[in-house]
Every structure is written in structure tokens, then in C-alpha cells.
1. Counting other beta carbons within 10 Å of each residue's own, what order do Arg96, Arg151 fall into, fewest first?
2. Counting Lys +1, Arg +1, Asp -1, Glu -1, what net charge surrounds Tyr716 among other residues with beta carbon under 13 Å of its beta carbon?
3. Take the alpha carbon atoms of the range 599-724, find their radius of gyration, then divide it by 2.2 N^0.38 Å using N residues; give the quotient.
4. Using 0.36 nm times the number of residues separating Thr502 and Asn22, minus their current alpha carbon distance, what extension gain do you get?
5. Among Leu677, Leu159, Val667, whose Cα projects farthest towards the positive end of the dipole of the chain, with charges put on the beta-carbon of Lys, Arg (+1) and Asp, Glu (-1)?
6. From the list (1) 99, 79, 37; (2) 78, 77, 49; (3) 106, 60, 57, can you say which value of Cα extents along the principal axes in Å was derived from the structure given?
7. Distance in nm between label sites at Glu102 and Glu588, each 7 Å beyond Cα in the beta-carbon direction?
8. Just add up the charged neighbours of Glu231: K/R +1, D/E -1, any other residue whose Cβ is under 14 Å from the Cβ of Glu231.
Amino acid sequence: MLQKEKRNLFTEFGAFVPNTPNQAVPNGPVCGNGDIGAVMDLTAAGARFWLSKNDFWCYRPAQKGGGMKSAALLTVDLPGFGGGEAALWQDARVGRIGMRYENGETRGALSLSAPRGEGVLILRIGCEAGELPYRVSPDALSEDPLCSVRRETAADTLLVVKSYEGKEMDRDSRCASALRGLDGGAEGVLAAGQSVCFAVALVTENEAPDPAAAAVSRAGGMTPAGAEALETANARWWNGFWQTSSVCLPDRPEIERIWYLSHYILACCCDRDKFAPGIFGNFLTSDHPNWGGDYHLNYNHEAPFWGLYSSNRIDLADAYDRPVLEYMDKARENARTQLNCRGLYSKVGVGPFGYEVSAMFRPDGSPNEQRPYWGQKSNASYAAVNFIMRYYSTLDRRYLEERAYPYLLAVIDFWEDYLVFENGRYMDKNDFIHEEGDVGDHAVERDWKGNRSVKPDLNPVVSIALIRMTLRALIDMSRALGRDEDRREKWEYMLAHLPGYTTQKRGGRTVLRYTEKGRAWCDDNSLGIQSAFPAGVEGLDSDPATLKLLRDTLAVMARWEDYNAFPTFYTAAVRLGADPGEILRHMEQQLRTHAYPNGFVYYGGGGIECCSAVPSAVNDMLAQNYAGRLRLFPVWDRSEDAAFENLRVYGAFLVSASLKDGVIENVRIVSEKGGTLKLVPPWQGAVEAVHEGRPLPLCRDAAGDLMLETVPGGAYELSPAARD
């Protein structure tokens, strides 16, 4: 195996942090514990930390000031700072951020960590030389007229409570922030060798009936020894996190660095059984984040998690499900009242507890029930992508029974009622491929850019792909559970009678038409190619004519740099077998122009969604099994060395391998659930498999693929068979 290195996980920022604060993603150091997130930047007097919490929202339509909100602001003033020099840093190895400071003979440092599983942040300030005066103060943004902020001192604790309450709210919300010095006061002077430690507790009404009392108690219960123990445990957690899976790309160091930092950002804002992060994670530096910082169901909420499944970080992906499942009752009501259908009709912008962020108003203030859907019938189907990816990646029966199957069943309930069967095909009418503004069922007032549109769309390629994806998965799931056998015939009939692709000529090639009637093309986004990814219904195993059509469409689209396409276009290119050198060349160019030092890759369309792009594309370049045939290094330049460990592929297999001097080596497969693995031979000639020290016979099917029979928990090493 090639030498593994997690390159550049310690990042130095210098003394200038542009683009913070803002209404989108930050450019400063970030850390988090899966619930609370922190962003650091400099002030004229020292440093400050913007604190957010995934479950702190204002429950009012986003157009009226609602959505996810900043929770607190922690300021560290260092008198005399203005004449000194400072350098910020982010240590993704242990989830800590901080600053080094020097002014004449005074040298000092401060750091903030967010211990995993705790609602407490640990702030440390230390003096290395000279004397270091300091003052620490908690506060909260009050730029929003809808909120109230209460500040008080309780015993030795500084308390700030930020609230959104009253008759204008669909639901009251409060977040209390408590700061307590564990071995010193909130203001003082440190001599050389001295340090001071603070506990900062954040609690919302979702965790305690009285968040203020709970925050004071949580901070008050912390001791210096307790803080040290939390930081030690947190470092252990991060060490285990980095051992979960790995990639080594010696010739592509920046891609490798962003692969790791993308996982770091998501680990900071995702955790099992916690509230999901919004579009910008728990890294808000404004009370007015774009789109209310909500869960956008027409790709933004789904996208961040796509790389986690193949990177074997399933626990982090758990956060995705909660808001989607909580919204099901409301989506059913929408389907019934708006379209007289069963199943799920989802609006674009939602929040926790089934809260609908999007207001139902036209730009002139008049009511419009259709505006929050943006003309799209596919939002609930888009949300099915992640349930399908997770189930095929894990074959987790409990997850299938409790989450995936009920959700997919409700999605297909909708399409059974909504699709119209005409002339031997199921037709998807009045379903727009792009956000088409104030839309009714038969008339359009404006498209997503504010321009006039002409007619509704018929059979948009994305919706048809998502329906096909969901039907295929639902049939598999139904068989696995032994349920709804009486409905499978209908689903199989629907699958066989969905519309095929409509084509057109562009750039001298035959390419996909975005819809059968309506919008033919768009120069933005990647919707025209999403049948390959994330829908996953097309790829290297598609029939040659379809594969050529999609490859030509990909080439004409060329969305290597695009407002919304980064999370989808690159992995779609991999799934279709585009030239790996071209994929990596464009990816490196985008990282040079769009990647921040903290690991965020930012385009105009969103925030943490881009954290999936590099992992999902790179993982699929190294190992693919989404179509039932495991390929090793399927879309990789064999002249470039590479290695990976414990990437997760469909069928609940963990795969490791290396490529050295053009030769595949060190192939190891762990089967979590057992079953047959079909493998495209990585070598010419006979192949040997070893399990528990014993060689196993490998059969070949008619196509020449290797067939490996596995047992649950079995580990298998593959190599070319020794020749006589």
C-alpha cells in the first residue's frame, strides 16, 4: 500500500480573513461537534467566534425573516492587539481552531475546541512571554428585529439568551449561551507561562424547557480537569474518524487535501440523532443567510451527504433523514389538497418539524399556493436519492424497514396518482425541470431568472430519471422485505412504460433534450445529466447507444464550472467514463479558484453541498459497484499511483486497493452482510482469493466477471494466481 498521508490538515490562515462575516460560507477557521459550529475571524482588538447551532431556527417564512439563525458571538479582546501580529490556524486533525499573537515582547495564543457529544465549547488563552491582558465576553447578533436578546450575570457565569417568540412565530425558539471561567475570570492579565480556560455552553428549547438554566448548569458543572478530559476524548474521536477510510493521491495533493477537509466540515456539522445542518451548516455569521439557511429539497439538502456513503461515514449521513421524515405529513397534505393525489408533494424550502420555510406569496405580495414548489413535482423524489444510496451501501434491514421503505413507498404513491397513461406511456405533465417562478398547473408568470416562460414542461429528464430510480429501488426493497408483492407488478409495468429520452442536435452532436416539450436546454446547472448522478440509472453498464448519447450530452454541457453543478457534474462524468485526466484537471482548476483555506468549496448556489463533490467523484474513480459489478480504478489514469482503504460500495462491501506503477495491488474486500460479489477482473489470467488463510475458488460468469461468494464479516484478499 502507498504511504498514507492526510496532507495539510493543519492550515495556517495568516492575519487576513476575507469574506467573514457574510450571508453564505465563511473563509475563516471552523470547528464543530456535529451540533454547535464555530467560525473564527479577527477584529481590531483581537478575535471573535461566530457560534451557530443546527437546531436554532426562527419559525417564520424565510421571506419574512425566518430560517436558521446565528446563535451566539464570543469575543476575545487583547488590549494592545492593534500593534501586534496575529496568525489564525485550523487543526482538522483534532477539530480545533485558534490564533497565535505577538506584540513586542508579548507572545500569546488562544484556541477553541468543540468536544464531540457535548454541548460545551472549550476556550483557552495562554501567555508565552511578557504579559497578556485579555477580556472575554459572550453576546448574540441582534441585527434581526424579530429577535430579543437578554444578557445577565448568574453567579460566576455570563449568560446571553436569544429568542424568537410571539404571535408572529409558528413556533417559539430560544438559545442560551453561558460563559464561565474555570480557572480565572472573564477579564484579567496573564503572565508568561500562565493560561486560562473557559467553558461555553449552548442550549436550546429542544434540549431543555429552560435553556438558560440548563446552560448555566452545564457550564457550572465543568472543571479544568473535566475540560482536559473532554479535549482528550475529542482528539481520540477525531483520530478514529480519520481511520474510517482514506485515499492517497500522490500526484494530486490539493484534491486529496480537499477530500479530507470536505469530510472535516461535514463532521463538524453532522452527527447521529442530531438536527441536520442547513445549507451553510452550523457556520452562520449572519442572521440573514441566503435562502434562510434552510433545507432545500431540490438538491441542496441532499447533496452534502452523497460522498459520505462511499467514504464509509454512515453515522454522519444519519442527520440527513430527520427533516425529510418529519416533513412527510405536511407533504402528504400538500399532495392531497393541491393535486388530489396520495403520497408526497414537497415544497422546495423546509426546516425542522415539518416547517415550511418558503412563503406563499408573489413578488407583489399577493398569495400564490404554487410559488414554494417552483413548478417542480420532483422534490420528494429527489429526497429519495439518499435513502437509496444508504440502503444499497449498507443493506441495513432495520434502516430499510423504518426509514427507506416507508419513504419510497410514499414517493411512488404520488407518482401512481399523478402520472397520466397515454398512448402506452406514463406522462409527467406540468412538471418543470428548473425553478420556474410563480407557477400554476397550466400557466407560468416568470422563470427562475425572472424571465418570461412560454409553456409548462412535459417529461423532464430529471423527474423521469428519479421516478425510474425510485421504482427500481422500491422493487428491490419490496423483495428484500417480502412486502407489497401485490403491487410489484404495477411498479414493474410503470418502470417498463416510462418515457424514453428525447434528443436534439447541439454543437454538432445528438444530445439529450431537457424535456419532451417545454424547456429544451439550459446553460446553467447539470440537470441534463443527472440520470447518471445522483439518480444512478445510467453509467458504464448502460447500452452503448445510450452511453454515447449521455457522453455527448456531457461534452456539450461542459459544466466544469457552474453556479450549481459542482456536486453532481463531476461524479456524473465519472459514472459515464469521461477521460480521468480531464476530470482531475478541471477539478484542480476549480479548487484553485473556488476552495477556501478552511476546506469549503464555494459557488453561488449553496454551501456545504460542495463537500460531497470531491469525495463522491474521487471515490467512484477508485471503486464502483453501483450497478452490481465492482470495478477497481475504473476511471483513473493507470500511469498515476493511487491507493484507498475502506471505501464502501453497494452491497455493503468495504474495499481497499492500491495502484503502483500501473499494477493493481493489495486488494482487500470485507463483506458486512455476505452474499455474492461480482468483480470485473483487475488482472489478466487467473485470480486467487484468500479468506482466513485458505484459498477460495473464484468462478466466472458468462461475461467473464469473477464471482466471489462471501460470508457476513468475511475479509478477502485477492491477487493474481501464482503461475507455474
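Bear in mind these aren't lab numbers, they're just calculated from the coordinates by the rules spelled out. As the structure is a prediction and not an experimental result, all values here were calculated from the model. Reconstructed Cβ throughout: ideal geometry from the backbone, glycine too, with neighbour counts over all protein chains shown.
1. Working: Arg96 22, Arg151 14.
Listing Arg96, Arg151 from fewest to most nearby Cβ atoms yields Arg151, Arg96.
2. On the way: positive: Arg668, Arg694; negative: Glu672, Glu688, Glu692, Glu709, Glu717.
Residues near Tyr716 contribute -3 overall.
3. On the way: Rg = 16.1 Å, N = 126, 2.2 N^0.38 = 13.8 Å.
Normalised Rg, Cα atoms only: 1.17.
4. Values: separation 480, 0.36 × 480 = 172.80 nm, distance 4.24 nm.
Taking 0.36 nm per residue and subtracting the Cα distance, the gain is 168.6 nm.
5. Leu677
6. Derived directly from the coordinates: (2).
7. Distance between the two pseudo-spin positions: 3.4 nm.
8. Numbers: positive: Arg93, Arg96, Arg116, Arg124, Arg236; negative: Asp91, Glu118, Glu228.
Summing Lys and Arg as +1 and Asp and Glu as -1 gives +2.
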